[in-house]
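A short reminder: the numbers here are calculations on the coordinates, not readings from a lab. None of the values given here were measured: they were computed from a predicted structure. Ideal geometry is used to build each Cβ from the backbone, glycine not excepted, and the neighbour counts take in all protein chains shown.
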Ligand SMILES: Nc1ncnc2c1ncn2[C@@H]1O[C@H](COP(=O)(O)OP(=O)(O)OP(=O)(O)O)[C@@H](O)[C@H]1O
Ligand SMILES: [Mg+2]
């Protein structure tokens, strides 16, 4: 395969998503073109219902486009089958949600180790150390043996980010990761994303918080399923 721009990591061409509703088809994304390079920190902003989650779901392969092409790391995401998708996601893109979605019966450490077991990477003997290292990176290693219910929201989100990084994917996609956190905790979680950028990751983050969005390197504004503005902001990466 020829990649004209070697640092191009996420490449959407004329991506359309139509949902079937009682009233007929609803166009949630309308022929989106989007190109993201490795190392970018992209904030996705827009009103409720504008298509932010739909866009993230297309890039992570959590849902499929109605039309168009999505290349992530050179792989055509819409062509992957369900089993291939799960493995591909583990290798390529970690996903973080607003409500953390940790498994309640597993400890913090076990939650972080889960994707490693699923993707069989890293080697079995390294998984525990790797999970602890990620908890340290998220400054939450002292909570390793606790159940999620014993943690604060901000702590749970740190665990969820550690889990998303478990198999060392180059991309992290987060859908309103700070939406359920108070503003101080949100700022602390946000600075963890900045740290990941400095470690060479690519981060996509949906947010309703304009102050946080401004701190990302690039802001995508979405309205009615269209990217209406694409602003290069502060460069947070080296
Ligand atoms: N499964 C679905 N079936 C039908 N319509 C849907 C479905 N999912 C989303 N939509 C519609 O598509 C549009 C975009 O939804 P989406 O969830 O992407 O918005 P959003 O920007 O993430 O909003 P929010 O800020 O509230 O999370 C909305 O009008 C929504 O009602
Ligand atoms: Mg949403």
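Structural remarks
- Kirkwood analysis of the range 1-90, using all unique Cα-Cα pairs, places the hydrodynamic radius at 14.0 Å.
- Degrees between helix 153-164 axis and first principal axis of the chain (Cα, 0 to 90, nearest 10): 80
- Rounded to the nearest 0.05, the FRET efficiency derived from the C-beta distance between residue 27 and residue 76 at R0 = 30 Å is 0.85.
- In the chain, the ratio of gyration radius to Kirkwood radius, Rg to Rh, stands at 0.96 when only Cα atoms are counted.
- Helix 108-119 vs. the chain, principal-axis angle (Cα, 0 to 90°, nearest 10): 60
- Rounded to 5, the percent of DSSP beta bridges in the range 111-238 classed as antiparallel: 55
- Modelled this way, with points 7 Å down the Cα-to-C-beta line, the labels at residue 184 and residue 13 are 5.0 nm from one another.
- Ranking of 184, 89 by count of other Cβ atoms within 10 Å, fewest first: 184, 89
- Whole-Å distance, taken between Cα centres, linking the range 28-66 and the range 101-137: 28
- Semi-axis lengths (Å, descending) of the ellipsoid that matches the C-alpha gyration tensor of the range 99-196: 21, 15, 12
- Degrees separating the helix 127-137 axis from the principal Cα axis of the chain, which is the longest one: 80
- Efficiency of FRET from Cβ geometry, residue 230 and residue 208, R₀ 25 Å, rounded to 0.05: 0.85
- Normalising the average separation of contacting C-alpha pairs (under 8 angstrom, six or more residues apart) by the number of residues puts the relative contact order of the chain at 26 percent.
- For 62, 29, the sequence from fewest to most other C-beta atoms within 10 Å is 62, 29.
- Percent RCO, i.e. relative contact order, over the range 134-195, from Cα pairs under 8 Å lying at least 6 residues apart: 34
- Beta bridges by DSSP in the chain, antiparallel share as percent, to the nearest 5: 60
- Taking other C-beta atoms within 10 angstrom as a stand-in for reagent exposure, 80, 199, 106 fall in the order 199, 106, 80, fewest first.
- Gain on full stretching of the segment that runs from residue 20 to residue 168 - 0.36 nm per residue minus C-alpha separation: 49.7 nm
- For a label point 7 Å along the Cα-to-beta-carbon line of residue 106, residues of the range 58-94 with backbone N under 12 Å: none
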